[in-house]
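As structure tokens, the structure follows; a few thoughts come after it.
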Amino acid sequence: MDLYANKKIKITKDTTTGRNILTMTDKEVINDLKKRNQKMLEGKRFYSTTKDDRYLSYITPLKTTTKKSINQCLGNDKVIIKTSDPLPFISMDIETMEINSEEVPISISIKTFNKTKLFIIDPSKLIGSTKDMAVSDLWNEFFYFILLNYNKHTIFVHNLGAFDGFFIYKALSLRFKPEEISCLIDHDNKFIQITLKLLPDAQKQGIEKFKVIFKDSYRIFPVSLDDLCKILNVPGKTSSYKEEYHNLSLFNNEQLLEEFKIYSLQDAISLFDCLFKLQDMYLQDYNVDICSVLSTSTLSMKIFRSKYLNVDIPILKRLDDSFIRNSYFGGATDHYQMKASNLHYYDVNSLYPFAMIKPMPYELIRKFTISSDFNLSDFFGFLKVEVNCPKDIKIPMLPSEYNGKTIFPTGT
Amino acid sequence: MLPYGYTFKFIEGYEFSKIDLFTDYVNDFYFKKKNSIGPERFISKMHLNQLYGIFGRRHDLLETINIYKEDLNDYIFSRVIKTIIPINDKIIALLMHKNVNDDFIKKLNSDLDMKLSNYYYLVKANVAIASAVTSYARIHMIPFKINGDVVYSDTDSIFTTKKLDSKFIGKDLGFMKDELNGLVIKDAYFLGIKKYGYQYIDTNNNLIVRSVFSGIERDSLTFDEIIQLSQGKTLTKEIPNRFYKSLKNLSISIDSTHITISRSLDKLLINNKYIPIHLEGNPNINNNSFLNYLKRKILILLKMFSF
């Protein structure tokens, strides 16, 4: 029989692992948590491991697991790079409906290597006081299925960061021990990844450690799912979103509900197919698994480190980082004239990549204060300077931070 | 004496050795981008633009953890909490700053009588590299802008009254591309950073209006509206179905909303020319805004729980 700790929390034995998946009041849990809290509160310190005390550490080349082929051993030129096995992943999509001016998840669709599955809310419970219970049941169904079948999988969600993550994090928090959930968030409060790692249960022997990671495929491939399908030549949406899907009356219209179910599944299917294709491409071309990265940048970095980097790049100490960070501005954007006619509009081919092929700062040779004359011509590095820009200059070139904005001022 | 009348007083320096890090990476992906279509082109473009930024990553990070309500007090004094998110009547999620600069932690502890401990984590970054990349990029744009023919410029693009010499135009890295394939923009208004609109006649003799205005959809303004904005009018635009995300109660609502747009007034406009902002001893220099932000966060929390 299902127990209700309060109206919101339902305690259910998981039939597959025999563990409670809602264990809010367990003494054991509280003790675990206390222990972890203690650790967190004490703080953890990263100790520099470099022989060179100028730096914190290094960004090092990544060794790829390459295997010499028989051909190569026999003196043949042909090198076959053994690609690693693809990491298992599934795709997931949540559809929501507006109830009392709040978005409520009503369906969760998933696509795995060999299955598609749609979880849908019990509409009879959606109105009134049983709404939370209906949502809870939907998530319970989903998590049973995941716990049972998808240990060690990456679960990709397109737009986890700004949408689905909110629902997933809430659902996880209501179900699992606090220390079983961890989560990275960016400076815009977007979810980067959410990890569920079930702690081994002391009482239950022989239960495999369970771990899944929710990741945002949009962070890695930052285009809409429709566009991603087009680019990869993967069948996309067969039907488009209808306003009626967003309203409770959906459940009173059988035909519409059927359409909705197909629609909801389609997103998960398309996403899976796209990612499946991409995973293969990246493994073949770069020997990097898309399941092992968090974003386009981390994917780029992994490719760079495994295929192109052959030195150790220093990681600067915080003090030095702060000094140089004062010089880190983005692109120059400015307006000089309001109305104009007969204009030409140009842009530079790959401006940043063009900038990247120039000499880059590498070893920190020296730090120094400048008291007397200084010869700028042979210098490579970063300088703290007091700038004076004449007031009559029409197009100032040097940026400055002013009230949180980058401006190109005159003056000092 | 430096070009364009700038003068410098040198204060402090960090000297570096030089290295070529990215030429092979960039050339490989640029070649692919130029010579492919579909997924390969998409991937190449993405990796060309997304690598440098990771070197400029900030060291301070955000993390969330779930804790029991009764333990909140311990956290308030020991961690820099950004947001408190109630989960249910027993559990709350804390959004916290971690990996904060040690000097800031020391300063906060002494100024506010806190016992903050720092949680260290190695961020694989090198801001010198990121800063060099964006600096080179700005430097590359200077010669195009300095002669005064440019009326607006955003990062890698220019709107200019003068046709560029053909020697600057080409398909290779760093060369300019004519965005309109030789067509000339008839009229344009530049009303602020990322606030502009223009019209031109295309090869089929159609009048095309383009607009970029932060906050609203690209190309959604008529040219008449752009003119109105240039005259100082404020326009109201409906933004359909905007998401309202609340981290505080982990909820999302969707609603239509209105946004008012107008031209920027940050620069003085005299005879159709914008006058650069003039600073005398920029107060923002040496002013550690992040430290002050952290301080405010802590004080608000202490007040909220009436310590």
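The values are calculated or read from the model by the stated rules, or taken from the named source; none is laboratory data. Just so it is clear, the structure is predicted and the values come from calculations on it, not from any experiment. In this analysis, Cβ positions are derived from the backbone assuming ideal geometry, glycine residues included, and neighbour counts consider all displayed protein chains.
Looking at this structure, is B:GLY182 assigned to a loop (DSSP other than H, G, I, E, B), loosely packed, with under 13 Cβ neighbours inside 10 Å and more than 23 Å from the chain's Cα centre (by Cα)?
Criteria met by B:GLY182.
I need the full set of residues from the stretch A:275-296 which are of a type in the set (A, V, I, L, M, F, W, C) and either under 17 Å from the mean Cα position of the chain (by Cα) or modelled with pLDDT under 95 (or both), in order please.
To start, the set of residues in the stretch A:275-296 that are of a type in the set (A, V, I, L, M, F, W, C) comprises A:275-276, A:278, A:281, A:283, A:288, A:290-291, A:293-294.
Listed by number, the residues that qualify are A:LEU275, A:LEU278, A:MET281, A:LEU283, A:VAL288, A:ILE290, A:CYS291, A:VAL293, A:LEU294.
Does A:PHE156 satisfy being buried (at least 23 other Cβ atoms within 10 Å of the Cβ) and under 17 Å from B:SER251 (Cβ atoms)? Please lay out each step first, then the result.
Values: buried (at least 23 other Cβ atoms within 10 Å of the Cβ): yes; under 17 Å from B:SER251 (Cβ atoms): no.
Criteria not met by A:PHE156.
When the residues of the stretch A:326-345 are filtered to those that are in a loop (DSSP other than H, G, I, E, B) and under 30 Å from the mean Cα position of the chain (by Cα), which remaining residue is farthest from B:TYR189 (Cα to Cα)?
First, pick out the residues of the stretch A:326-345 that are in a loop (DSSP other than H, G, I, E, B): A:326-332, A:336, A:338.
Applying the additional criterion that residues be under 30 Å from the mean Cα position of the chain (by Cα) yields A:326-332.
Details: A:ASN326: 33, A:SER327: 31, A:TYR328: 30, A:PHE329: 26, A:GLY330: 24, A:GLY331: 21, A:ALA332: 19 Å.
Of everything passing the filter in the stretch A:326-345, A:ASN326 is farthest from B:TYR189 (Cα to Cα).
Yes or no: B:ILE43 of a type in the set (A, V, I, L, M), surrounded by fewer than 17 Cβ atoms within 10 Å (Cβ to Cβ) and over 30 Å from B:LYS248 (Cβ atoms)?
Working: of a type in the set (A, V, I, L, M): yes; surrounded by fewer than 17 Cβ atoms within 10 Å (Cβ to Cβ): no; over 30 Å from B:LYS248 (Cβ atoms): yes.
It is false that B:ILE43 is of a type in the set (A, V, I, L, M), surrounded by fewer than 17 Cβ atoms within 10 Å (Cβ to Cβ) and over 30 Å from B:LYS248 (Cβ atoms).
Which condition breaks for B:ASN241 when tested against (1) out of contact with any strand residue (DSSP E or B) (no Cβ under 6 Å at 6 or more places or on another chain); (2) under 30 Å from A:PHE166 (Cα atoms); (3) among the polar types (S, T, N, Q)?
(1)
Out of all the residues in the stretch B:204-226, is one or more touching a Gly at 6+ places or on another chain (Cβ under 6 Å) and of a type in the set (A, V, I, L, M, F, W, C)? Working first, answer last.
Initially, the stretch B:204-226 is screened for residues touching a Gly at 6+ places or on another chain (Cβ under 6 Å), giving B:211, B:221, B:226.
From what is left, the residues that are of a type in the set (A, V, I, L, M, F, W, C) are B:221, B:226.
Yes: the stretch B:204-226 contains one or more residues that are touching a Gly at 6+ places or on another chain (Cβ under 6 Å) and of a type in the set (A, V, I, L, M, F, W, C).
Which ones in the stretch B:248-284 are polar (S, T, N, Q) and without any contact (Cβ under 8 Å) to a residue 12 or more places away in the chain? If you could, list the steps in order and put the result at the bottom.
Going through the stretch B:248-284, the residues polar (S, T, N, Q) turn out to be B:249, B:251, B:253, B:256-257, B:260, B:262, B:264, B:271-272, B:282, B:284.
Listed by number, the residues that qualify are B:SER251, B:SER253, B:ASN271, B:ASN272, B:ASN282, B:ASN284.
What's the number of the only condition in (1) in a helix (DSSP H, G or I); (2) farther than 30 Å from A:PRO396 by Cα that B:LEU62 fails to meet?
With respect to (1) in a helix (DSSP H, G or I); (2) farther than 30 Å from A:PRO396 by Cα, B:LEU62 is out only on (1).
Does B:LEU294 satisfy being within 30 Å of B:ASN66 (Cβ to Cβ), within 14 Å of chain A (Cβ to nearest Cβ) and at pLDDT 85 or above?
Working: within 30 Å of B:ASN66 (Cβ to Cβ): yes; within 14 Å of chain A (Cβ to nearest Cβ): yes; at pLDDT 85 or above: yes.
In short, yes.
I'd like to check something: does the stretch B:254-263 contain any residue that is surrounded by 14 or more Cβ atoms within 10 Å (Cβ to Cβ) and modelled with pLDDT under 90? Outline the logic, then answer.
Within the stretch B:254-263, the subset surrounded by 14 or more Cβ atoms within 10 Å (Cβ to Cβ) is B:254, B:259, B:261-263.
Applying the additional criterion that residues be modelled with pLDDT under 90 yields B:254, B:259.
Among the residues of the stretch B:254-263, at least one is surrounded by 14 or more Cβ atoms within 10 Å (Cβ to Cβ) and modelled with pLDDT under 90, which makes the answer yes.
In the stretch A:111-132, how many are under 27 Å from the mean Cα position of the chain (by Cα) and either farther than 19 Å from A:LYS170 by Cβ or among the β-branched types (Val, Ile, Thr) (or both)? Don't jump to the end; show me each part of the working.
Keep residues of the stretch A:111-132 that are under 27 Å from the mean Cα position of the chain (by Cα), which gives A:111-120.
Those still in the list that are either farther than 19 Å from A:LYS170 by Cβ or among the β-branched types (Val, Ile, Thr) (or both) too: A:111-118, A:120.
The total comes to 9.
Checking the structure you have, find out if any residue of the stretch B:264-282 is in contact with a Leu (Cβ under 6 Å, 6 or more places away or on another chain), modelled with pLDDT under 95 and not in a helix (DSSP H, G or I).
Taking the stretch B:264-282 and keeping what is in contact with a Leu (Cβ under 6 Å, 6 or more places away or on another chain), we get B:275.
Among the residues that remain, those that are also modelled with pLDDT under 95 are: B:275.
The next check asks that each one be not in a helix (DSSP H, G or I); those that pass are B:275.
Checked the stretch B:264-282: at least one residue is in contact with a Leu (Cβ under 6 Å, 6 or more places away or on another chain), modelled with pLDDT under 95 and not in a helix (DSSP H, G or I).
Report, by residue number, each residue of the stretch A:164-183 that is touching a residue at least 24 places away in the same chain (Cβ under 8 Å) and either closer than 16 Å to A:SER107 by Cβ or of a type outside the set (Lys, Arg) (or both).
From the stretch A:164-183, those touching a residue at least 24 places away in the same chain (Cβ under 8 Å) are A:164-169, A:171-172, A:174-179; that's our starting set.
Listed by number, the residues that qualify are A:ASP164, A:GLY165, A:PHE166, A:PHE167, A:ILE168, A:TYR169, A:ALA171, A:LEU172, A:LEU174, A:PHE176, A:PRO178, A:GLU179.
In the stretch A:179-197, what residues are touching a Leu at 6+ places or on another chain (Cβ under 6 Å) and within 7 Å of chain B (Cβ to nearest Cβ)?
Those that are touching a Leu at 6+ places or on another chain (Cβ under 6 Å) and within 7 Å of chain B (Cβ to nearest Cβ): A:ILE181, A:ILE185, A:ASN189.
Conditions tested, residue by residue: (1) assigned to a strand (DSSP E or B); (2) at the interface with another protein chain (Cβ under 7 Å from one of its Cβ atoms); (3) in contact (Cβ under 8 Å) with a residue 24 or more places away in the chain; (4) not small (Gly, Ala, Ser).
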{"site": "B:GLU12", "(1), (2), (3), (4)": "yes, yes, no, yes"}
{"site": "B:TYR25", "(1), (2), (3), (4)": "no, yes, yes, yes"}
{"site": "B:PHE29", "(1), (2), (3), (4)": "no, no, no, yes"}
{"site": "B:LYS33", "(1), (2), (3), (4)": "no, no, no, yes"}
{"site": "B:ARG41", "(1), (2), (3), (4)": "no, no, no, yes"}
{"site": "B:HIS47", "(1), (2), (3), (4)": "no, yes, no, yes"}
{"site": "B:LEU51", "(1), (2), (3), (4)": "no, yes, yes, yes"}
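Identify, please: which residue in the stretch B:21-40 is at pLDDT 95 or above, of a type outside the set (Phe, Trp, Tyr) and within 27 Å of the chain's Cα centre (by Cα) and is, among those, surrounded by the most Cβ atoms within 10 Å (Cβ to Cβ)?
Step by step, filter the stretch B:21-40, then rank; the result is B:LEU21.
For residues in the stretch A:167-189 being part of a helix (DSSP H, G or I) and aromatic (Phe, Trp, Tyr), which is nearest to A:ASP122 (Cα to Cα)? Outline the logic, then answer.
So the first thing to find is which residues in the stretch A:167-189 are part of a helix (DSSP H, G or I), and the list is A:167-175, A:178-180.
Those left that are additionally aromatic (Phe, Trp, Tyr): A:167, A:169.
Details: A:PHE167: 17, A:TYR169: 21 Å.
This residue is A:PHE167.
Among the residues of the stretch B:166-177, which ones are within 10 Å of another protein chain (Cβ to nearest Cβ), farther than 29 Å from A:ILE407 by Cβ and either among the polar types (S, T, N, Q) or part of a strand (DSSP E or B) (or both)?
Matches in the stretch B:166-177: B:ILE169 only.
Among the residues of the stretch B:185-226, what is the count of those that are in a loop (DSSP other than H, G, I, E, B) and farther than 24 Å from B:HIS258 by Cα? Lay out the reasoning, then the answer.
Within the stretch B:185-226, the subset in a loop (DSSP other than H, G, I, E, B) is B:193-194, B:202-206, B:214-222.
Now drop any that are not farther than 24 Å from B:HIS258 by Cα, which leaves B:202-206.
Result for the stretch B:185-226: 5.
Considering the stretch A:83-97 alone, what residues qualify as being assigned to a loop (DSSP other than H, G, I, E, B) and either surrounded by 15 or more Cβ atoms within 10 Å (Cβ to Cβ) or among the polar types (S, T, N, Q) (or both)? First the steps, then the outcome.
Filtering the stretch A:83-97 down to residues assigned to a loop (DSSP other than H, G, I, E, B) leaves A:83-88.
Within the stretch A:83-97, A:THR83, A:SER84, A:PRO86 qualify.
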